[in-house]
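A short worksheet on the structure shown next.
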Amino acid sequence: MWDEQDYFSRWVQSICAVVLGMAAIGGIYMATHATLIMLRFGGIAATMGCIRISWRCAGYAITGRNNINRDNF
């Protein structure tokens, strides 16, 4: 499981990448409008985290390598 031939996990990771990407876009929108809640609750850091995890999930969904759920030893 979680290797290059596991297409189910790659679909799951692609769905996670899309959802987290939409959350990142929403966070960027909120940050550009300087909402107080973004500044008070660390929304900019959460947005950066969404971008990072979305990037990793999308990378695994496309290539099948460097899965976010396990270490590659």
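Any residue in the stretch 43-66 that is among the charged types (D, E, K, R) and at pLDDT below 75? Checking the stretch 43-66: not a single residue is among the charged types (D, E, K, R) and at pLDDT below 75.
In the set (1) assigned to a loop (DSSP other than H, G, I, E, B); (2) at pLDDT 80 or above, the condition left unmet by Trp11 is number (1).
The values are calculated or read from the model by the stated rules, or taken from the named source; none is laboratory data. Nothing here was measured: the structure is a model prediction, and the numbers come from that model.
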